[in-house]
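Here is the structure we will look at.
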Amino acid sequence: MKMSYTAEERGNPNTLSYRVFFKNSEGKYISPFHDIPMYADEAQNIFNMVVEVPRWTNAKMEIATKDVLNPIKQDVKKGKLRYVANVFPHKGYIWNYGAIPQTWEDPGHRDTDTGCCGDNDPIDVCEIGNKVCSIGEVIKVKVLGTLAMIDEGETDWKVIAINVEDPEANAFNSIDDVRRLKPGYLEATVDWFRRYKVPDGKPENQFAFNGEFKDKDFAINIIKSTNDYWKALVSKKSGGELNCTNTCVSYSPFLCTKEAAQAVVDETSPCGIADPVPSDVDKMYYYEKK
């Protein structure tokens, strides 16, 4: 049975109260981390992707892995909502950015390729199609390759993928197709991840494999391994600091009722009027490339 998902906004956009919750086609509240299957079509290697950040936007929205039902919310640093800086020539995120559900980069596992442990999050995806997606959209993607970023000493895989509904999707079947058909996009992607934290006073990020992209098969194997770590996480008695409450994973001790999930959402306020986005979010930063 093909599942469809809807996103439900709660709280006031551009404030600390804003959340995006998820419902399945039965109208039941679910966790986008735990209850949406990793695969949309396993035979065809088509994966589900939860869109957290639409292309060209700056708000650092992410699945709240430590909150009940894991709604999407904006990252907070020192009590303030976090926005990604614009490092010239980039404006906001340069792809639709999100995560593959039912995956987890285990901080207790040291990756043999990168020599670093996981970043404690679902695996990240950069979707390179034409459509600008919306927060909380669940799309089906074809995986094309991956980049291994080292973020403050942690492994942080960035999967490159394309929406299967993109009009050009059939032409993209490998990382080389991206290089050929969207020249400059992969180089811009490395540049973006290398420098996006520099305006915050952080050093440039590093990469395994000299910043080279690994191919589709390598990427799919990495995703499958993060799915194994997720299965272990959601099966054990303690999720640690991560919240593993779910409504669909039958073998999980964190399974909760439809009513309990509804009660979680009812505790939040309905979607209200958006606050304005701070004007400095549009500022452009310029650096010499090292």
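The values are calculated or read from the model by the stated rules, or taken from the named source; none is laboratory data. Every value quoted in this text rests on a predicted model; they were computed, and no experiment measured them. All Cβ positions, even for glycine, are placed from backbone atoms using ideal geometry, and neighbour counts span all protein chains on display. SASA here: full protein model, heavy atoms, side chains in, ligands and nucleic acids out. Shrake-Rupley method; radii C 1.70, N 1.55, O 1.52, S 1.80 Å.
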Within segment 263-276, residues being out of contact with any Pro (no Cβ under 9 Å at 6 or more places or on another chain) and in a loop (DSSP other than H, G, I, E, B) number 3
Taking segment 235-257 and keeping residues within 20 Å of the chain's Cα centre (by Cα) and either free of Cβ contacts under 8 Å to residues at least 24 places away in the same chain or more than 23 Å from Gly27 (Cα to Cα) (or both) leaves Gly239, Glu241, Leu242
Of (1) modelled with pLDDT of 95 or more; (2) assigned to a loop (DSSP other than H, G, I, E, B); (3) open to solvent by 40 Å² or more (accessible area, probe 1.4 Å), Leu69 fails just (3)
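For segment 95-104, how many residues are open to solvent by 10 Å² or more (accessible area, probe 1.4 Å) and either assigned to a loop (DSSP other than H, G, I, E, B) or at positive phi (or both)?
Taking segment 95-104 and keeping what is open to solvent by 10 Å² or more (accessible area, probe 1.4 Å), we get 97, 102, 104.
Add one more test, that the residue is either assigned to a loop (DSSP other than H, G, I, E, B) or at positive phi (or both), and what stays is 102, 104.
Looking only at that region, the number is 2.
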Among residues of segment 261-290 being small (Gly, Ala, Ser) and within 22 Å of Ser31 (Cα to Cα), the residue least open to solvent (accessible area, probe 1.4 Å) is Ala261
Those residues of segment 128-141 that are buried (at least 23 other Cβ atoms within 10 Å of the Cβ) and part of a strand (DSSP E or B) come to a total of 2
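Would you please name the residue that is farthest from Lys289 (Cα to Cα), looking only at residues in segment 199-238 that are in contact with a helix residue (DSSP H, G or I) (Cβ under 6 Å, 6 or more places away or on another chain) and outside any helix (DSSP H, G or I)?
Initial filter on segment 199-238 (in contact with a helix residue (DSSP H, G or I) (Cβ under 6 Å, 6 or more places away or on another chain)): 204-205, 211, 213, 215.
Remaining after also requiring outside any helix (DSSP H, G or I): 204-205, 213, 215.
Working: Glu204: 11, Asn205: 13, Phe213: 20, Asp215: 27 Å.
Only one residue fits best here, namely Asp215.
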Out of (1) of a type in the set (Asp, Glu); (2) open to solvent by 40 Å² or more (accessible area, probe 1.4 Å); (3) part of a helix (DSSP H, G or I), the one Glu165 does not meet is (3)
Counting only residues in segment 38-66 that are among the acidic types (Asp, Glu) and closer than 30 Å to Ala263 by Cβ, the one surrounded by the most Cβ atoms within 10 Å (Cβ to Cβ) is identified as Glu52
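Determine, yes or no, whether Val159 is crowded, with 22+ Cβ neighbours inside 10 Å and in contact (Cβ under 8 Å) with a residue 24 or more places away in the chain.
Yes: the conditions hold for Val159.
Regarding segment 7-21, can at least one residue be identified that is more than 28 Å from Asp275 (Cα to Cα), assigned to a loop (DSSP other than H, G, I, E, B) and touching a residue at least 40 places away in the same chain (Cβ under 8 Å)? Can you show your working first?
Our first condition is that a residue be more than 28 Å from Asp275 (Cα to Cα); within segment 7-21, this holds for none.
Checked against the condition, which is being more than 28 Å from Asp275 (Cα to Cα), assigned to a loop (DSSP other than H, G, I, E, B) and touching a residue at least 40 places away in the same chain (Cβ under 8 Å), segment 7-21 yields no hits at all.
Is there a residue being on the phi > 0 side of the Ramachandran plot and surrounded by fewer than 17 Cβ atoms within 10 Å (Cβ to Cβ) anywhere in segment 76-85? Reasoning before the result, please.
Initial filter on segment 76-85 (on the phi > 0 side of the Ramachandran plot): 78-79.
Okay, now just the ones that are also surrounded by fewer than 17 Cβ atoms within 10 Å (Cβ to Cβ), so 78-79.
Yes: segment 76-85 contains one or more residues that are on the phi > 0 side of the Ramachandran plot and surrounded by fewer than 17 Cβ atoms within 10 Å (Cβ to Cβ).
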Apart from one, (1) at pLDDT 95 or above; (2) in a loop (DSSP other than H, G, I, E, B); (3) not small (Gly, Ala, Ser) all hold for Tyr287; the odd one out is (1)
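Is it the case that segment 253-274 has a residue that's of a type outside the set (A, V, I, L, M, F, W, C) and under 30 Å from Glu152 (Cβ atoms)?
no
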Pairing a residue in segment 111-134 that is within 16 Å of Lys158 (Cα to Cα) with any residue that is assigned to a loop (DSSP other than H, G, I, E, B) and of a type in the set (Phe, Trp, Tyr), where Cβ atoms lie under 7 Å and the two sit 6 or more apart in sequence or on different chains, gives Pro122/Phe33; Pro122/Trp104; Cys126/Trp95; Glu127/Trp95; Ile128/Trp95
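Go through Glu26, Glu42 for me and flag whichever is among the acidic types (Asp, Glu) and over 27 Å from Ile222 (Cβ atoms). Give the derivation first.
Details: Glu42 fails: over 27 Å from Ile222 (Cβ atoms).
Testing whether each residue is among the acidic types (Asp, Glu) and over 27 Å from Ile222 (Cβ atoms) leaves just Glu26.
Going by the conditions given, is Ala208 surrounded by 12 or more Cβ atoms within 10 Å (Cβ to Cβ), under 30 Å from Asn12 (Cβ atoms) and either of a type in the set (Ser, Thr, Tyr) or modelled with pLDDT of 95 or more (or both)? Before the answer, list the steps.
Numbers: surrounded by 12 or more Cβ atoms within 10 Å (Cβ to Cβ): yes; under 30 Å from Asn12 (Cβ atoms): no; either of a type in the set (Ser, Thr, Tyr) or modelled with pLDDT of 95 or more (or both): yes.
Against the criterion (surrounded by 12 or more Cβ atoms within 10 Å (Cβ to Cβ), under 30 Å from Asn12 (Cβ atoms) and either of a type in the set (Ser, Thr, Tyr) or modelled with pLDDT of 95 or more (or both)), Ala208 does not qualify.
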Among residues of segment 219-260 being open to solvent by 30 Å² or more (accessible area, probe 1.4 Å) and of a type in the set (Phe, Trp, Tyr), the residue nearest to Ile123 (Cα to Cα) is Tyr229
